[in-house]
Amino acid sequence: MSGAIGRVLIIGAGQAGGEVAQRLRANGFEGDITLCGDEPIPPYQRPPLSKKYLSGELPLDRLFLRPAETYEAEHIRTFFGRRAVWIDRTAKRVRFEGAHELPYDALVIATGTRPRPLPAPGADLPGVHVLRTAADVDAIRPRFVPGAKMVVIGAGYIGLEAAAVARQTGLDVTVLEAAPRPLARVTSPEVAGFFLDAHTAAGVRFMLSAQAAVIKGETGVRAVGLADGSEIEADLVIVGIGVIPETGLAEKAGLTVQNGIVVDGQGRTDDPSIFAIGDCASRPLAAVGGRMARLESVHNAIEGAKIVAAAITGKPAPTEEVPWFWSDQYDLKLQIAGLFQGYDRVILRGDPKDRAFAAFYMQGDRLIAVDAVNRPAEYLGGKALIQKGASPDPAKLADPTVPMKALLTA
């Protein structure tokens, strides 16, 4: 396809958009590349937003994926601070706010996700925030001070990471979760229970199977009212109840959307000139049997960028890795490989009481995922076993005296 492409337009300047621009140049693409984003700054890392950026340990420029001047040096045009509003597939042009239009030969949609809004009265009061962008964190900071009462709505990774930083900063923290346990969508009861205990020991209060019904206040948030009629005092509320893929552009353009913009193994939509990558795309995952999935992770952004850059430049398709993720909470580094959905047995290696253990997820006799807490060897070994489609001996998998390398060579 590379012979017919002189102009690549990338909509979305997050991890995925920034990666595909860089990888196109690395693959030898010499045509025009324009990287567009609705934020006014270059692509940056999002995972530190709920950790070291929120805590103030990292300034914004340390989050940039690449120095701003690198884009000019590599002749990558940037068009930041404008939202794309329309794709004209016939004319191969994209319209932006302000009636500005840009042409393309190949278009890459990397629009990511937006936070799911809290469906409760008062959710728009000052002091109620989501945590998705650097600007979101900047807006949170004035109330993020020692002694403040913070309520986190949603006990997923973002909510728990924010809760951990808040406790370490000296805030009073309560976490509300509609499910009966934290991390209900992303891990097992065993691992979720460990993190619940760790946060409770750090002073976080949990209200599980609880729903926020109303945010109370006049000129700013004062309390969160629950469905049972009780309320929790709050100076600050962070809402982390999931995200929605940004597929509006694709839908208006008539592209297939099913829990994300549907693409094939090359990242191509049903329009051969349009690709989609990152959190907004639903793609076949070769490393886990080709099943369709929409993943929200750094790994998925990088993987999609590799695949699409190869397709546009006519390079061989890259070998796909098993999906991986991570989360930092207090002194706990959780590293995840594989997808745990469909497991029928959990094998623990190590003792959670030691704050260092691994949970291996089996489907029949096959290892499909691993959650490793402060156990990098188990994470790396488990990831390699999953990549191989291995069926390790469960007794040896559970035995910490058996090196992971031995399981790999068995």
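The values are calculated or read from the model by the stated rules, or taken from the named source; none is laboratory data. Since the structure is predicted, the reported quantities are computational estimates derived from the model, not experimental observations. As a convention, Cβ positions derive from the backbone with ideal geometry for all residues, glycine included, and neighbour counts pool all protein chains shown.
Could you list all residues from segment 150-167 that are of a type in the set (A, V, I, L, M) and touching a Ser or Thr at 6+ places or on another chain (Cβ under 6 Å)? Spell out the reasoning first.
Let us first name the residues in segment 150-167 that are of a type in the set (A, V, I, L, M), namely 150-153, 155, 158, 160, 162-166.
151, 158, 162, 165 - these are the residues of segment 150-167 that are of a type in the set (A, V, I, L, M) and touching a Ser or Thr at 6+ places or on another chain (Cβ under 6 Å).
The numbered conditions (1) touching a Lys or Arg at 6+ places or on another chain (Cβ under 9 Å); (2) assigned to a strand (DSSP E or B); (3) buried (at least 19 other Cβ atoms within 10 Å of the Cβ) are all true for residue 328 except (3).
Checking 78, 70, 90, 113 one by one, the residue that is within 30 Å of residue 223 (Cα to Cα) and either touching a helix residue (DSSP H, G or I) at 6+ places or on another chain (Cβ under 7 Å) or in the same structural domain as residue 269 (by TED's automatic domain parsing) (or both) is 113 and no other. Scanning segment 89-125 for residues that are free of Cβ contacts under 8 Å to residues at least 60 places away in the same chain and either under 20 Å from residue 312 (Cα atoms) or exposed (fewer than 14 other Cβ atoms within 10 Å of the Cβ) (or both) yields 90, 91, 93, 97, 98, 99, 100, 101, 119, 124. Determine whether segment 243-256 contains at least one residue that is in a strand (DSSP E or B) and more than 21 Å from residue 152 (Cβ to Cβ). Checked segment 243-256: at least one residue is in a strand (DSSP E or B) and more than 21 Å from residue 152 (Cβ to Cβ).
Just one of the listed residues (38, 32) is within 24 Å of residue 134 (Cβ to Cβ) and either surrounded by 15 or more Cβ atoms within 10 Å (Cβ to Cβ) or free of Cβ contacts under 8 Å to residues at least 24 places away in the same chain (or both), and it is 38.
Comparison of 356, 384 shows that the only residue that is aliphatic (A, V, I, L, M) and either touching a strand residue (DSSP E or B) at 6+ places or on another chain (Cβ under 6 Å) or free of Cβ contacts under 8 Å to residues at least 24 places away in the same chain (or both) is 356.
Restricting segment 175-205 to residues that are charged (D, E, K, R) and within 21 Å of residue 347 (Cβ to Cβ), the residue that is nearest to the chain's Cα centre (by Cα) is 181.
Filtered by the rule that a residue be part of a strand (DSSP E or B), in contact with a helix residue (DSSP H, G or I) (Cβ under 7 Å, 6 or more places away or on another chain) and surrounded by fewer than 24 Cβ atoms within 10 Å (Cβ to Cβ), segment 262-291 gives a lone residue, 268. From the set of residues in segment 252-274 that are more than 15 Å from residue 313 (Cα to Cα) and aliphatic (A, V, I, L, M), which is nearest to the chain's Cα centre (by Cα)? Only one residue tops the list, namely 261. Determine if segment 304-325 includes at least one residue that is outside the structural domain of residue 55 (by TED's automatic domain parsing), buried (at least 17 other Cβ atoms within 10 Å of the Cβ) and in a strand (DSSP E or B). So far as segment 304-325 goes, yes, one or more of its residues are outside the structural domain of residue 55 (by TED's automatic domain parsing), buried (at least 17 other Cβ atoms within 10 Å of the Cβ) and in a strand (DSSP E or B). You will find that of 135, 166, the residue that is surrounded by fewer than 21 Cβ atoms within 10 Å (Cβ to Cβ) and in contact (Cβ under 8 Å) with a residue 12 or more places away in the chain is 135 and no other.
Contact annotation: residue pairs with Cβ atoms under 7 Å, 6 or more positions apart or on different chains, pairing a residue in segment 307-323 that is under 16 Å from residue 284 (Cα atoms) with a partner that is among the hydroxyl-bearing types (Ser, Thr, Tyr), are 323/297. Of the residues making up segment 173-182, at least one is within 30 Å of residue 295 (Cα to Cα), hydroxyl-bearing (Ser, Thr, Tyr), in contact with a Lys or Arg (Cβ under 7 Å, 6 or more places away or on another chain) and not in a helix (DSSP H, G or I).
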